[in-house]
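Undergrad: Take a look at this one; I'll ask things after.
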Amino acid sequence: MTTRDAILITGATGTIGRRVAAHLLRDTDADVYPLLHERGARQTPGEVLTRFFDLPATAEFVARLYPVAGDITRPCLGLASESLPLLHRRVNRVLHSAATTRFDLPLDAARSVNVCGTREVMGVAGRCERIEQVGFLSTAYVAGKRTGLIREPERAHDEGFANTYEQSKYEAEAVVAESGLPVAIYRLSTVLGDSRTGRVAHFTAPHQALRMMHAGLVSMLPGDPASPVDLISDDIAAEAVFELFTHHFNAGDVFHITAPEDKTFSLQESVETSHRELAGLDPGWARRGYPLAAIAPLDAFDLFLRSAQQANNPLMHGVMQALSQFARQLAYPKCFDRSTVLRYLPDYDRRTPDIRSYYGKVVKYCLDTGWGRHV
Amino acid sequence: MRSRYGSAGISRIAYRLPACRRALPELEAQGRIASPAGVLDDFGFRSCHEIEHHDELFELLAGAGCDLLQDAELLSDDVGMLYLVFGLPVTRTSDDRGLLGRFRYPAARLHHELGLKRAGALAISEQGCSGLLSTLDMAARLLASSESPAALCLAGDALPAGSPREIMYNLMSDAAAALLVERDSPRNRILAFRQQTQTYYWDTPEREQELLAAYFPMAQRAIAACLTGAGLDVSEIDWFVPHNVSLRSWEILAKLLGIPEERVWTRNISRIGHTISCDHAINLADMEREGALTPGDRLLLFTFGFGASWSCMILEH
């Protein structure tokens, strides 16, 4: 990377975006232009560094950081008239990581962020005079309801999707592919938390499933007990994105940044380990003797969900509905080929921490913070 | 197959239902069901039976006991123990006979009414719908060390007259049943019994939602434990004899267990509804009467009782 590299990064306060931004500042000499919502952009670069990127507000970092106010859902990212020409002139690399990762949004709402937002980002990138590379953060679950081995170059399918997040990211990949820009796609697995501290930047569906389990409200999860539950840590995911984006960029590449098969859980193990960790950390909870959630065929799960709705039981229906958005994917067992990742990062599998080595830390963080309420 | 119960089993069954029968629309019009009638209909219910006066439950119990003893042509001396099972806790109010009025036991009254001579009398309660299976297990085990060849189990429950008839999406009936447990039973030999007790759920109203969530995984666990105890695979069960909770819950459980729904005998769910402690007795009697059973059939009886316990018994017909 040259000293004049200027990188626009969207989603710079998200789970992966903030870590990649920190890597870019710490480990390269590029100028970094994080796209922040209005309130974030009003902060000084020093505040942005400490608050979002866990970096000290040194003169060197401050000099290379150019927070930009914007919103990917608005035309031209809602950039101020003075920002847009500046970006068009300076930026030569774009990393688009902004997205809604909620699984329960109506499709239109998911599309407005993930598809339309991506279109706006590609539009701005396309007008950057020096554009050399665009990175797009996607999800491994654009594979939707496909089962079996999913290869990195594959995208198009007609198997359907388990939730609107998957579908909107699938459609966003099409927008990226059709942009004509030099794009690489980083398809991430479900990111769980920091493997060293257990810290969770954003509590998403798997954390909420754990929370419902803690409340004794998870009756069943759909799927096969042996199905893999692909979970990775924030740190390894961000590290891989950073390295592939900065050191191994090749337009057209698609990467599965997912867990090696022997370093993640099966569904059965996931349920049992969650139960065991909660019991170990919360003896009062253990005394209640909640049973392990049953692992059910999808039709049993769906019938229970429909019954809770029919019975007008809002709590149980809400729980089942929330689980459904996340857990429905478990009924479509798949594993992800990582050949392209391993071609550039041959030690990726070795470096990826085993879920068993840090899952307990994540569970503890969830309990200690009340799933983010006491942070 | 060797069983810890030897050849003990259920040799005879009789039951009685109150004459008064009410359909869902009538109950809905009376404001006695919490869910819309259409939802309960979707869950497999049509009508229920209810007593019309307080002493009717006793009459039903005595009547069922009488029917059974006459049918069995037993000498009353052959019955070594009378067990009386209530799923609902028995509450006694003092009457004009003061404190002594609290010591008027239904088990003793039924024992007297049925003319049992040598039998002891014991009442069992606070196991909800699990009470009958627990009592059958206890009776069969005690027979092994008893000189008497048989024990009589009476079970019955009635909701207070005029009260709501729905409990947690189930339509409730009043009923009474009598079962004869014999040491050398010609049918319904008990192969195994397992009960999973989780008393955290003792406060049913407070923990209703958690209980709903626990129902299926605990059911699966209790059934698996009982099958293991009997040395059987689920595919070796000929009939699943349900407690008559919603048909929907059995559809879900059947999918969870990987069994065909046709092997769950559900006819009485719509006809009678859920009777708390008598469902298995009524279903077994009707299955036999309708010719559904053949000798050697393996029958799996499952129920859940507030308190909370998940119970499973396997019989060989």
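The values are calculated or read from the model by the stated rules, or taken from the named source; none is laboratory data. This is a predicted model, so every value here is computed, not measured. All Cβ positions, glycine included, derive from the backbone under ideal geometry; neighbour counts span all protein chains shown.
Undergrad: Residues that are within 30 Å of B:Ser249 (Cβ to Cβ) and within 14 Å of chain A (Cβ to nearest Cβ): find the helices (runs of 4 or more DSSP H) completely inside region B:1-119 holding 2 or more of those.
TA: B:37-42
Residue-by-condition table, conditions (1) of a type in the set (S, T, N, Q); (2) within 13 Å of chain A (Cβ to nearest Cβ); (3) under 27 Å from B:Ala23 (Cβ atoms); (4) buried (at least 24 other Cβ atoms within 10 Å of the Cβ):
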| position | (1), (2), (3), (4) |
| --- | --- |
| B:Gly258 | no, yes, no, no |
| B:Ala281 | no, no, yes, yes |
| B:Thr303 | yes, no, yes, yes |
| B:Trp310 | no, yes, no, yes |
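Undergrad: Further, regarding this structure: Within region B:118-131, track down each residue that is over 23 Å from B:Glu147 (Cα atoms) and crowded, with 20+ Cβ neighbours inside 10 Å.
TA: Of everything in region B:118-131, those that are over 23 Å from B:Glu147 (Cα atoms) and crowded, with 20+ Cβ neighbours inside 10 Å turn out to be B:Gln127, B:Gly128, B:Cys129, B:Ser130, B:Gly131.
Undergrad: I've got another one for you. What are the residues in region B:165-222 that are facing chain A (nearest Cβ under 8 Å), within 19 Å of the chain's Cα centre (by Cα) and not in a helix (DSSP H, G or I), if any?
TA: B:Tyr169
Undergrad: Does A:Leu87 fit the bill of being more than 21 Å from the chain's Cα centre (by Cα), buried (at least 23 other Cβ atoms within 10 Å of the Cβ), outside any loop (DSSP other than H, G, I, E, B) and of a type outside the set (D, E, K, R)?
TA: When the stated conditions are applied, A:Leu87 passes them.
Undergrad: Quick one: which helices (runs of 4 or more DSSP H) sit completely within region A:219-336 and have at least 1 residues that are within 9 Å of another protein chain (Cβ to nearest Cβ)?
TA: Hits in region A:219-336: A:283-288, A:298-310, A:314-327.
Undergrad: Follow-up question, since we're still on this one. Do we have A:Gly198 as part of a loop (DSSP other than H, G, I, E, B), within 14 Å of chain B (Cβ to nearest Cβ), touching a residue at least 60 places away in the same chain (Cβ under 8 Å) and on the phi > 0 side of the Ramachandran plot here?
TA: In short, no.
Undergrad: Being crowded, with 20+ Cβ neighbours inside 10 Å and farther than 27 Å from B:Phe86 by Cβ is the requirement here; does B:Leu232 meet it?
TA: No.
Here is a yes/no grid of residues against (1) crowded, with 16+ Cβ neighbours inside 10 Å; (2) touching a Cys at 6+ places or on another chain (Cβ under 6 Å); (3) without any contact (Cβ under 8 Å) to a residue 12 or more places away in the chain:
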position	(1), (2), (3)
B:Tyr5	yes, no, no
B:Gly9	yes, no, no
B:Leu17	yes, no, no
B:Leu27	yes, no, no
B:Ser35	yes, no, no
B:Ser47	yes, no, no
B:Glu52	no, yes, no
B:Asp55	no, no, yes
B:Ala62	yes, no, no
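Undergrad: Next question. Can you tell me which of A:Arg119, A:Arg187, A:Arg199 is in contact with a Gly (Cβ under 8 Å, 6 or more places away or on another chain) and at pLDDT 95 or above?
TA: The match here is A:Arg199.
Undergrad: Sticking with this one: Examine region A:181-193 for a residue that is closer than 25 Å to A:Asp302 by Cα and not in a helix (DSSP H, G or I), and state whether such a residue exists.
TA: yes
Undergrad: Here is a follow-up. So, in region A:254-296, exactly how many residues are touching an Asp or Glu at 6+ places or on another chain (Cβ under 8 Å) and closer than 24 Å to A:Ala21 by Cβ?
TA: Qualifying residue count, region A:254-296: 5.
Undergrad: Given the conditions (1) at pLDDT below 95; (2) outside any helix (DSSP H, G or I), which single one is not true for A:Gly160?
TA: (1)
Undergrad: Can you list the helices (runs of 4 or more DSSP H) found entirely within region A:1-59 that contain at least 2 residues being among the hydrophobic types (A, V, I, L, M, F, W, C)?
TA: Qualifying helices (runs of 4 or more DSSP H): A:17-27, A:45-52.
Residue-by-condition table, conditions (1) over 21 Å from B:Ser185 (Cβ atoms); (2) touching a Gly at 6+ places or on another chain (Cβ under 8 Å):
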{"site": "B:Ala230", "(1), (2)": "no, no"}
{"site": "B:Ser246", "(1), (2)": "yes, yes"}
{"site": "B:Asn268", "(1), (2)": "yes, no"}
{"site": "B:Ala281", "(1), (2)": "no, no"}
{"site": "B:Arg289", "(1), (2)": "no, no"}
{"site": "B:Leu299", "(1), (2)": "no, no"}
{"site": "B:Thr303", "(1), (2)": "no, no"}
{"site": "B:Trp310", "(1), (2)": "yes, no"}
